[in-house]
Amino acid sequence: ESGTGPEAPQVPRYVRVNVLKTRVDDVVEFFKRQGFAFLGTAGSVEDLKSLSGKKFLLDLHLPELLVFPPQTDFHDNRLYTSGHIILQDKASCLPAFLLSPSAGSHVIDACAAPGNKTSHLAAILQNKGCIFAFDVDTKRLATMNTMLTRAGVTSFKLAQQDFLTVDPHDPKYSKVKYILLDPSCSGSGMVARLPLEEAAPSAERLQALSGFQRRILSHALRFPAVQRLVYSTCSVHREENEDVVHAVLQELGSAFRLVNAFPSWPCRGLAAFPGAECCLRASPADTLTQGFFVAVLERCGEEAAVPS
Ligand code: SAM
């Protein structure tokens, strides 16, 4: 896979401005006062690559994302500890941005902890509407609660539940039009953080993961009012990405279709099936991010199928 070798460039420090608490302009001014030089909006990925010293940019793809040189550490920064900024890789900002739920709508975040994408969804929803967030892991859910409170997220219901056991026909979810599905994966895109054996998962592990991913994607698409779903992983393996999307689309016949996600994004899905280029990929070498995969699915003929 491209971008996973030792020659891969270092990924910048990405900072998502939490617009539930502050504004991009105010955060830019804050960092200027801390001695950082603001270079304006990046014109290309190359601009991000050449960042060094105490300089920063506004990202070229995501409007609320600031970019600092690799390894800039903000964990003790006042804006981070107060939830005004979220330290989130650029690729991990794509799912909520591309799901783009309308303000006031009902959304499911199926595998939500520790909640970076949930807080991003809440910011897009301007804390209006409702996010039903699920996860199975108690410890990660505790972290998530702290994190969402700090970020000022109020519009969510958090449940410790296996999403596969959530009943799509429960009236509670009858207005859910948007689902974000970011299930457990091999994590093979997060090369810097993983021991080698996890960066290169065995065939058995990949098969187990992809089986789970197919089941959970298929389950998510059974929610009767869902119009748009974003499926994402931080894996570089086709078995967990294009192959999962392809298998589930085939299983569902013509009920859902792939949307051409972010057409100007430079790195596309592997040609595993006709239309796979509608999906997008991210990698240290191509997009200066962690390795990532995103697919956007929409219900076919949704106007007729979904009551408004
Ligand atoms: N979306 C999260 C974020 O942006 O912060 C990261 C999610 S992480 C990739 C996958 C999560 O899925 C883990 O927290 C894991 O505990 C959870 N998970 C695994 N199986 C699940 C299931 N059957 N139902 C709900 N959550 C599950």
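The values are calculated or read from the model by the stated rules, or taken from the named source; none is laboratory data. As the structure is a prediction and not an experimental result, all values here were calculated from the model. Cβ sites come from the backbone with ideal geometry, for glycine too, and all protein chains shown count toward neighbours. Accessible surface areas use protein heavy atoms only, side chains included; no ligands, DNA or RNA. Shrake-Rupley method; radii C 1.70, N 1.55, O 1.52, S 1.80 Å.
If you count the DSSP beta bridges with both ends in the chain, what percent of them are antiparallel, to the nearest 5?
Numbers: 23 of 43 bridges.
Taking every DSSP beta bridge with both residues in the chain, the antiparallel ones total about 55 percent.
Select from segment 35-80 those trypsin sites (Lys or Arg not before Pro) which occupy a DSSP coil region and have at most 15 other Cβ atoms within 10 Å, ordered by residue number. List each step's numbers first, then the result.
Numbers: sites: K49, K54, K55, R78; in loops: K54.
Those that pass, being in a loop and sparsely packed, are K54.
Identify, among F74, L48, S254, the residue whose Cα sits farthest towards the positive end of the charge dipole of the chain, taking +1 on the Cβ of Lys and Arg and -1 on the Cβ of Asp and Glu, with the dipole about the Cα centre.
It is F74, whose Cα lies furthest towards the positive end.
What dipole magnitude, in Debye to the nearest 20, does segment 208-308 give about its Cα centre under +1 on Lys/Arg Cβ and -1 on Asp/Glu Cβ? Working shown, then result.
Details: 9 positive and 10 negative charges, 30 e Å.
The dipole magnitude comes to about 140 debye.
Just to confirm, what accessible area per residue do you get for segment 225-308 at 1.4 Å probe, in whole Å²? Numbers along the way, then the final one.
Numbers: 3110 Å² over 84 residues.
That works out to 37 Å² per residue.
Roughly to the nearest percent, how much of the accessible area of segment 9-145 is carbon and sulfur, given a 1.4 Å probe? Write out the running numbers ahead of the final one.
Numbers: 2720 of 5570 Å².
Carbon and sulfur atoms account for 49 percent of the accessible area of segment 9-145.
Hey, if you put +1 on the Cβ of every Lys and Arg and -1 on every Asp and Glu Cβ in the chain, which of G115, A276, V17 ends up farthest toward the positive end of that dipole?
Going by the Cα projections, it comes out as V17.
Given the C-alpha centroids of segment 16-61 and segment 157-187, what is the distance between them in whole angstrom?
So the two Cα centres are separated by 34 Å.
Is the shape of segment 1-97 rounded, prolate or oblate, going by the alpha carbon gyration tensor and its root eigenvalues a ≥ b ≥ c, with a/c under 1.5 for rounded and a/b larger than b/c for prolate?
Details: a/c = 1.62, a/b = 1.40, b/c = 1.16.
Here segment 1-97 falls in the prolate category.
Probe of 1.4 angstrom, ligands and nucleic acids ignored: what's the accessible area per residue over segment 31-170, in square angstrom? Mind dumping the intermediate values first?
Numbers: 5980 Å² over 140 residues.
Here the residues of segment 31-170 average 43 Å² of exposed surface.
Treating only the Cβ atoms of Lys and Arg (+1) and Asp and Glu (-1) as charged, compute the dipole magnitude of the chain about its Cα centre; round to the nearest 20 debye.
On the way: 31 positive and 32 negative charges, 190 e Å.
Its charge dipole is roughly 920 debye.
In segment 166-284, what percent of the accessible surface is made up of carbon and sulfur (1.4 Å probe, ligands and nucleic acids excluded)?
Working: 2760 of 5150 Å².
C and S fraction of accessible area: 54 percent.
Segment 206-237 to segment 98-139: how many Å between their Cα centroids?
Comparing the Cα centres of segment 206-237 and segment 98-139, I get a distance of 16 Å.
How big is the dipole moment of segment 1-134 about its Cα centre under a simple scheme where the beta carbon of each Lys and Arg is +1, that of each Asp and Glu is -1, and everything else is neutral? Debye, nearest 20, please. Mind dumping the intermediate values first?
Values: 13 positive and 13 negative charges, 82 e Å.
That gives segment 1-134 a dipole magnitude of about 400 debye.
Obtain the nm distance between the two label points defined at E277 and R205 by a simple spin-label model: each point lies 7 Å from its Cα along the Cα-to-C-beta direction.
Here the answer is 3.3 nm between the modelled labels.
In what order, largest first, do D162, D89, D25 sit by accessible area if the probe radius is 1.4 Å? Mind dumping the intermediate values first?
Details: D162 65, D89 30, D25 95 Å².
Result, largest first: D25, D162, D89.
Counting DSSP beta bridges with both partners in segment 49-185, what percentage is antiparallel, nearest 5? Before the final figure, lay out the partial values.
Numbers: 2 of 15 bridges.
Expressed as a percentage, antiparallel bridges in segment 49-185 total about 15.
Using just the helices of the chain, give the 222 nm mean residue ellipticity in deg cm²/dmol: DSSP H runs with n ≥ 4 each add -39,500 (n - 2.57), and the total is spread over all residues, rounded to 500.
Numbers: 11 runs with 91 residues, N = 308.
Counting only the DSSP helices, I get -8000 deg cm²/dmol.
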